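Right, one structure below, let's go through it.
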Amino acid sequence: MTERDLIVADDLVVSLDYTLQLDDGETIDTSEGDEPLEFIQGHGEIVPGLEQALYGMTVGEEKDLVVQPDEGYGELDPDAYQVIPRSAFPGEVELEPGLGLELTDEDGETMLAFVAEIRPDTVLLDFNHPLAGETLHFKVKVVGLRPATAEELDHDHVHFSPDGHGPNGLEVQ
Ligand code: ZN
């Protein structure tokens, strides 16, 4: 079976050229001039609206699609803000608005937050994804398809070299 016979389905590694724009036409992200995005279809590695739209596509096929916030990075949650005392941050952290922080809660879960505002004694953190509330406009092209290896399925991510974890350093476990 060659990749020409494959269509996008669960447990296949999809190589995808993509451009992501917002409503105002601003390009937020693109694979142009870079390697295509690679992920295992059906494993929730990309936003649900994009993953759903890819099913059945063939290698070489292109699509323009619009993904609403609830199928993208979620709606903007006005309650997803938290005030933290400045003393909670290590002295070497240079706080500035827009700075992304990786925080670990008491259960060991990692969360991403952004500095929304710096106040005299406290910092306002925004736990919304930076693209929450945005309608996403994708231009995509499937440039490769192959079955994921057993090890990739086990790890739930793509390996970039045949004998282990590749240069992209995706391995986080
Ligand atoms: Zn791995």
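The values are calculated or read from the model by the stated rules, or taken from the named source; none is laboratory data. Not measured: the values here are computed from a predicted model. In this analysis, Cβ positions are derived from the backbone assuming ideal geometry, glycine residues included, and neighbour counts consider all displayed protein chains. All accessible areas refer to the heavy atoms of the entire protein, side chains included, with ligands and DNA or RNA removed. Shrake-Rupley method; radii C 1.70, N 1.55, O 1.52, S 1.80 Å.
Residue count for region 1-52 satisfying the condition of being of a type in the set (A, V, I, L, M), out of contact with any Gly (no Cβ under 7 Å at 6 or more places or on another chain) and assigned to a strand (DSSP E or B): 8.
Tallying residues that are closer than 27 Å to Leu112 by Cβ and either over 15 Å from the mean Cα position of the chain (by Cα) or open to solvent by less than 10 Å² (accessible area, probe 1.4 Å) (or both) within region 136-151 yields 4. Within region 37-49, being in contact (Cβ under 8 Å) with a residue 60 or more places away in the chain and open to solvent by 40 Å² or more (accessible area, probe 1.4 Å) holds for Glu38, His43, Glu45. Residues in region 152-165 that are near the ligand (Cβ under 9 Å from one of its atoms) and either open to solvent by less than 40 Å² (accessible area, probe 1.4 Å) or modelled with pLDDT of 80 or more (or both): 8 in all.
For region 82-112, filtered to residues that are under 30 Å from Gln52 (Cβ atoms) and part of a strand (DSSP E or B), the residue that is most open to solvent (accessible area, probe 1.4 Å) is Glu102.
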